[in-house]
Amino acid sequence: MLESIAATRYVTPLREGGSLPGVVEADDLGTYVVKFREAGQGRRVLVAEIICAELARRLGLRTPDLKIIDLDPQIGVREPDEEVQDLLKASSGRNLAVDFLPGALGFDPLAWTPDPGFASKVVWFDALIHNVDRSWRNPNLLLWHGDIWLIDHGAALWFHHNWRTADPQRPFDAGDHVLAPFATGVEAAGAELAARITPELLRAVTALVPDEWLDDEPGFASAQDVRDAYVEHLLSRAHGPRAWLTHEPPAPARGPGAPGSVGEFWRGDGR
């Protein structure tokens with residue numbers, strides 16, 4: 001289980017994204033970026049964060065420590081922003097705390113050239129977990145103490161917003177990935193990482209998700225059934241044909257005059 005702590009002070013909101021996470025101090029004297037259960041797309045974002053970050057950690061990729069943080073509804077009473085105050089009150093109880101990395105810098109490929117082996121592992125890992133949120137526009141990588149840390153996996157595993165559409169062989173276009181230009185050994189990296197993805201590993205990772213964030217999931221009888229579905233999906237993706245990683249979207253997705261990728265659209269290459 002993840003360590004449990006209690007919030008002692010709400011410091012400030014982080015307004016980079018729509019989910020409105022906040023910097024919070026806790027009773028273990030640590031400072032955390034807290035992702036709230038009632039923000040954005042709700043608890044599934046927290047589930048994705050735990051499963052993906054903890055899986056990355058066990059595969060040798062650096063991610064900030066995670067803890068479960070208990071939030072007293074009174075902690076937001078003096079918050080002047082009504083939107084933040086409402087979020088804190090609605091999210092009383094258990095939320096997700098991500099260790100705050102003081103002084104960390106955002107990843108800039110112009111200032112730091114990634115090792116091809118590292119880049120290849122991250123690209124393959126993000127393809128495995130359907131992570132569409134590590135693009136050149138929003139790298140979600142931090143440089144801290146000379147190392148690169150992976151953050152913000154809430155947009156991954158997006159199939160769980162509609163389990164009926166979950167497909168372990170769904171293609172992943174890596175063309176927009178911020179590390180794609182440096183990832184020259186993705187196939188070898190995938191073979192190495194896939195060999196380490198076992199049922200036992202995935203069961204250990206999914207067991208870290210609190211039952212209350214999995215209960216009442218439509219189509220499932222229990223929290224454990226939901227965990228089993230994540231395990232089955234990721235196992236099938238890791239050990240199936242693994243033809244899902246591409247640098248271009250599937251041909252049917254391209255209409256006449258359409259850009260080849262989101263990045264191509266924003267760069268203007270598809271005009």
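The values are calculated or read from the model by the stated rules, or taken from the named source; none is laboratory data. None of these values were measured; they are calculated from a predicted model. Because the Cβ atoms are built from the backbone with ideal geometry, glycine has one as well, and the counts that use them run over all protein chains shown. Calculation scope for accessible area: heavy atoms of the full protein, side chains included, ligands and nucleic acids excluded. Shrake-Rupley method; radii C 1.70, N 1.55, O 1.52, S 1.80 Å.
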- Query: Within segment 126-134, can one find any residue that is under 19 Å from residue 66 (Cα atoms) and in a strand (DSSP E or B)?
  - Reply: no
- Pull up segment 152-171, narrow it to residues that are closer than 21 Å to residue 114 by Cβ and of a type outside the set (Gly, Ala, Ser), then point me to the one that is surrounded by the most Cβ atoms within 10 Å (Cβ to Cβ). 152
- Message: Among the residues in segment 51-65, are any under 16 Å from the mean Cα position of the chain (by Cα) and free of Cβ contacts under 8 Å to residues at least 40 places away in the same chain?
- Response: yes
- Evaluate the following for residue 64: is it on the phi < 0 side of the Ramachandran plot, exposed (fewer than 15 other Cβ atoms within 10 Å of the Cβ), part of a loop (DSSP other than H, G, I, E, B) and not charged (D, E, K, R)? no
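Residues are listed down the side, and each one gets a yes or a no for (1) touching a His at 6+ places or on another chain (Cβ under 8 Å); (2) modelled with pLDDT of 95 or more; (3) open to solvent by less than 70 Å² (accessible area, probe 1.4 Å):
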residue	(1), (2), (3)
173	yes, no, yes
195	no, yes, no
206	no, yes, yes
229	no, yes, yes
234	no, yes, yes
238	no, yes, yes
251	no, no, no
- Message: Of everything in segment 113-128, what is in contact (Cβ under 8 Å) with a residue 60 or more places away in the chain and buried (at least 20 other Cβ atoms within 10 Å of the Cβ)? Give them in sequence order.
- Response: 119, 120, 121, 122, 123, 124, 125, 127, 128
